[in-house]
1. Let me check something: with ligands and nucleic acids excluded, how do R116, R73, R38, R19 order by accessible area (1.4 Å probe), largest to smallest?
2. In Å³ and rounded to a whole number, note down the convex hull volume per residue for the Cα atoms of segment 47-128.
3. How large a share of the accessible area of the chain, in percent, is made up of carbon and sulfur atoms when the probe is 1.4 Å and the other protein chains stay in place?
4. So, counting K/R as plus one and D/E as minus one, what does the shell of residues with Cβ under 15 Å around P41 add up to?
5. Loop-only check: which GluC sites (Glu not before Pro) in segment 1-83 are DSSP coil with at most 15 other Cβ within 10 angstrom?
6. Sum up the charges of everything whose Cβ sits under 15 Å from the Cβ of C22, counting Lys and Arg as +1 and Asp and Glu as -1, but leave C22 out.
7. Taking the full set of protein chains and a 1.4 angstrom probe, give the accessible area of I109 in square angstrom, rounded to the nearest 10.
8. With a 1.4 Å probe and every protein chain left in place, work out the accessible area per residue of the chain in Å², rounded to a whole number.
Amino acid sequence: QVQLVESGGGLVQPGGSLRLSCAASGSNLDFSGIGWFRQAPAKEREGISCISIADNGATYYADSVKGRFTVSRDNAQNTVYLDLTNLKPEDTAVYYCAEGPGFGSVCPIMSRPGFRSWGQGTQVTVSL
């Protein structure tokens, strides 16, 4: 079993930055893929980024965030980060992290049923 806790959300002005954290605990995480999703009001949950916990550190980004968001990991701290820069009002959403069984099997698709565990989410609001 895997437990995930997101943190770092808040209110930020357009053009600003935030660092979101996903702290993970549990067993058999060495080959996991850790995904980031977001859900805005009246919209579907959108897969936006993913990273491999294995040595290669492979990453995935959705077109909507490519060039603005950066995913990284600190395996010694059991934590995955998502750095949000040049934030726009349309980035306002609840952001979730999730764990799945291997980067290659879950990250290229970013389908919700492919991920086994989810955090509770953290709110990001981008507004003047």
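The values are calculated or read from the model by the stated rules, or taken from the named source; none is laboratory data. All figures in this text were calculated on a predicted structure; none of them were measured in a lab. Cβ atoms come from the backbone with ideal geometry, glycine included; neighbour counts cover every protein chain shown. Remember, those area values only see protein heavy atoms, side chains included, never the ligands or the DNA or RNA. Shrake-Rupley method; radii C 1.70, N 1.55, O 1.52, S 1.80 Å.
1. Details: R116 140, R73 75, R38 20, R19 120 Å².
So the residues, ranked largest to smallest area, are R116, R19, R73, R38.
2. Numbers: hull volume 8.5 nm³, N = 82.
So the per-residue hull volume is 104 Å³.
3. Numbers: 3160 of 6480 Å².
C and S fraction of accessible area: 49 percent.
4. Working: positive: R38, K43, R45; negative: E44, E46, E90, D91.
Charge balance in the 15 Å sphere: -1.
5. Numbers: sites: E6, E44, E46; in loops: E44.
For GluC sites (Glu not before Pro) across segment 1-83 that sit outside H, G, I, E and B with at most 15 neighbouring Cβ atoms in 10 Å, the list reads E44.
6. Details: positive: R19, R38, R73, R116; negative: E6, D74, D83, E99.
Local charge sum for C22: 0.
7. 120
8. Working: 6480 Å² over 128 residues.
Per residue, the chain has 51 Å² of solvent-accessible surface.
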